[in-house]
Amino acid sequence: MSPKKAKPLQERIAVVTGGSRGIGKAIALELAERGAAVVVNYISSAKAAQEVVSHIESHGGNALTVQADISDFNQAQDLINSAMEKYDKIDILVNNAGITRDTLIMRMTEDDWDVVQNTNLKGTFNCSKAAIRPMMRKRYGRIINITSVSGQIGNAGQANYSASKAGQIGFTKALAREIASRNITVNAIAAGYVETDIWDGVPEEARSGFLEMIPLGRKGEPEDIAHAVAFLASDEASYITGQVLAVDGGMAMV
Ligand SMILES: NC(=O)c1ccc[n+]([C@@H]2O[C@H](COP(=O)([O-])OP(=O)(O)OC[C@H]3O[C@@H](n4cnc5c(N)ncnc54)[C@H](OP(=O)(O)O)[C@@H]3O)[C@@H](O)[C@H]2O)c1
């Protein structure tokens, strides 16, 4: 982190679900670099989450790890309670935690379906519902949901994932309308192909197929998504709500 960078989020408290790895880690580091205190949520990677917090602290920032399975309604509430206990407010919620269970629909089990909906879509509901009350009290909030190009244009082998990501988009728009009068904005970022652990097990041919679909001709970096999150969390984005910002190299121009 560069010490020279301005700190426009200095007084802000952010909760990043799935902040231990991949895109969530980049988001946590970016928000911290801009001055926010960050609650780094994870489900099983305690060491990785602690490393994110240590990195932030070693650069003069403030952060906390909180273990919680966001697909569980009560654990999501506990996550927000932990953030409130330490910081007494929540300004920014990034619903980033997500999983895949890719397979063709003919082979997809009920569990493949349920676990993906419960993590990606219900987790977004759980954390948003818990965070909204303290945000409403302060009459300030930024909720940013990390969705996917797969939720916009579909992807064979990802019916469960595409449905959950499309669901996040509908949720974003409905919630944005519901809480706009409380000065809380709700937006989504539709990420393209960013090579993280979520791609483990995806064959090389499929990966090169995705690459060919990207007009800008390269994979996204986790930081590409993090920069967009930082923008939507900034004061400059205060008049933007209910939108889906594609950060995908031009993959889906919807
Ligand atoms: N990578 C891409 O190409 C891409 C494209 C479009 C959208 N996205 C979206 O971006 C988000 C992040 O993806 P990623 O690629 O960074 O994935 P990743 O590297 O696999 O990281 C997933 C993160 O989510 C956390 N997580 C998973 N289930 C959880 C649960 N039930 N409760 C709490 N945390 C949980 C993991 O925690 P642990 O470390 O503890 O397991 C980890 O921090 C996801 O919503 C994904 O759908 C990714």
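Report the GluC sites (Glu not before Pro) located in the range 1-71 that are in a DSSP loop and have at most 13 other Cβ atoms inside 10 Å of their Cβ, or state none. Write out the running numbers ahead of the final one.
Values: sites: E11, E30, E33, E51, E57; in loops: E11.
Passing both the DSSP loop test and the Cβ count: E11.
Annotation: lysines with alpha-carbon distance below 19 angstrom to K47 (same-chain offsets under eight excluded): K25. Cβ-Cβ distance of A180 and V254, R₀ of 30 Å, FRET efficiency by 1/(1 + (r/R0)^6): the value works out to about 0.85.
If you place +1 on the Cβ of every Lys and Arg, -1 on the Cβ of every Asp and Glu, and leave all else neutral, what size is the dipole of the range 13-247 about its Cα centre, to the nearest 20 Debye?
Details: 22 positive and 27 negative charges, 189 e Å.
Dipole about the Cα centre, nearest 20: 900 debye.
Annotation: aspartates and glutamates with alpha-carbon distance below 17 angstrom to K219 (same-chain offsets under eight excluded): E195, D197, D200, E204, E205, D248. Here the Karplus relation 6.51 cos²θ - 1.76 cosθ + 1.60, evaluated at θ = phi - 60°, turns the backbone of the range 108-121 into coupling constants of 5, 8, 4, 5, 4, 5, 5, 5, 6, 5, 5, 7, 6, 9 Hz, with x for every Gly and Pro. For a straight C-alpha distance cut-off of 17 angstrom, the aspartates and glutamates reachable from K89 (same-chain residues fewer than eight places away being disregarded) are E11, D78. Distances between placed amide hydrogens fall under 5 Å for V15 paired with V39, I92, L93, V94, all partners being 5 or more residues away or on another chain. Here the extension length gained between H227 and E11 equals 75.9 nm, from 0.36 nm per residue of separation less the Cα-Cα distance.
Taking each full run of DSSP H in the chain as one helix, which ones are at least 20 Å long along their axis (Cα atoms) and have mean Kyte-Doolittle hydropathy of at least -0.5? Don't skip to the end; give the middle numbers.
Numbers: long enough: 73-87 (21 Å, -0.69); 123-138 (23 Å, -0.41); 159-179 (30 Å, -0.12).
Helices meeting the span and hydropathy rule in the chain are 123-138, 159-179.
In order along the range 241-252, the Karplus-derived 3J(HN,Hα) couplings, from 6.51 cos²θ - 1.76 cosθ + 1.60 at θ = phi - 60°, round to 8, x, 9, 10, 9, 7, 10, 9, x, x, 4, 10 Hz, and Gly and Pro are given as x.
Since every read-out is calculated from the coordinates, none of them should be taken as a lab result. Predicted model only: the values in this text are computed from it and were never measured. So basically every Cβ, Gly included, is an ideal-geometry build from the backbone, and we count neighbours across all protein chains shown.
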